[in-house]
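Below: the structure, in structure tokens.
The values are calculated or read from the model by the stated rules, or taken from the named source; none is laboratory data. Quantities reported herein were computed from a predicted structural model and do not represent experimental measurements. All accessible areas refer to the heavy atoms of the entire protein, side chains included, with ligands and DNA or RNA removed. Shrake-Rupley method; radii C 1.70, N 1.55, O 1.52, S 1.80 Å.
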Amino acid sequence: MTATKIEKAFKPKRGRPDAKQVAAIDEAILATASRMFLESGYDTVAMENIATATGVSKGTLYARYPSKEALFTKVIQDRVDKWSAVSSQEDYLLTDDIGERLYHHARTIARSFLQADVQAFKRLTLAYRDRFPELAKALYEAGYIYIVQLISRDIQEAARRDGIPVRNPDVIARLFVSTISGWEVQESSCGPVAEEDILKAARDTVDLFMAARASW
């Protein structure tokens, strides 16, 4: 369900909320805050505006998020959790082959470039990085570091399983992610990049790293 649909589906009720209503309130707050931050930017959106647009009291909002920074951080984390859930839907198809696992991660990274909300959140956090470094750090840790750790773990497990030593899996994982994301940054500087080109670049990156596996 999209953020807009979540907002429309939410109907505030009087009285003490039950567990289901509490969850609905939390989801509605995050959906509303997400939309407003992306539409208006971080500075121009006030907590009071978010409470009013959601249909909850300021007290209800502040009881959950004591500051706008805390709410924005939660919005980022919630979005990353949802993106991760979607990208992990094909995990059950994976085998122990490290090349296949790397391509799975590469596809996930590449396809994130095609998601408007992913790119919008990146632009938003970068725009306020100097003033609110903790916001950019939240996206950095929840997005970049998360995928790096997944890839590093796969590399370590493959090294043990295949009997091929690996010197620094974390460095290899960071270089792997940076190669794909760097390609997208440069190629998209002149305009949108087609999905087939992004996926081909992801495959080429995997082939390149696999060819150099002995140097990991």
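Structure values in brief
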| item | result |
| --- | --- |
| Accessible area in square angstrom per residue, the range 33-155, 1.4 angstrom probe | 50 Å² |
| Kirkwood-based Rg to Rh ratio, the range 61-100, C-alpha trace | 1.31 |
| Under the Karplus curve 6.51 cos²θ - 1.76 cosθ + 1.60, θ = phi - 60°, whole-Hz ³J(HN,Hα) for the range 113-120, x wherever Gly or Pro sits | 5, 8, 8, 4, 5, 4, 5, 5 |
| Dimensions in Å of the chain - Rg and Dmax from alpha carbons | 20.1, 64 |
| Karplus 3J(HN,Hα) series, Hz, for the range 197-210 with 6.51 cos²θ - 1.76 cosθ + 1.60 (x for Gly, Pro) | 6, 5, 5, 5, 4, 5, 5, 4, 5, 4, 4, 5, 5, 5 |
| Computed [θ] at 222 nm, helices only, for the chain once each DSSP H run of length n ≥ 4 contributes -39500 (n - 2.57) | -22500 deg cm²/dmol |
| Accessible surface of the chain [probe 1.4 Å, protein heavy atoms]: carbon and sulfur percent | 53 percent |
| Karplus 3J(HN,Hα) series, Hz, for the range 128-137 with 6.51 cos²θ - 1.76 cosθ + 1.60 (x for Gly, Pro) | 10, 4, 5, 7, 10, x, 5, 6, 5, 5 |
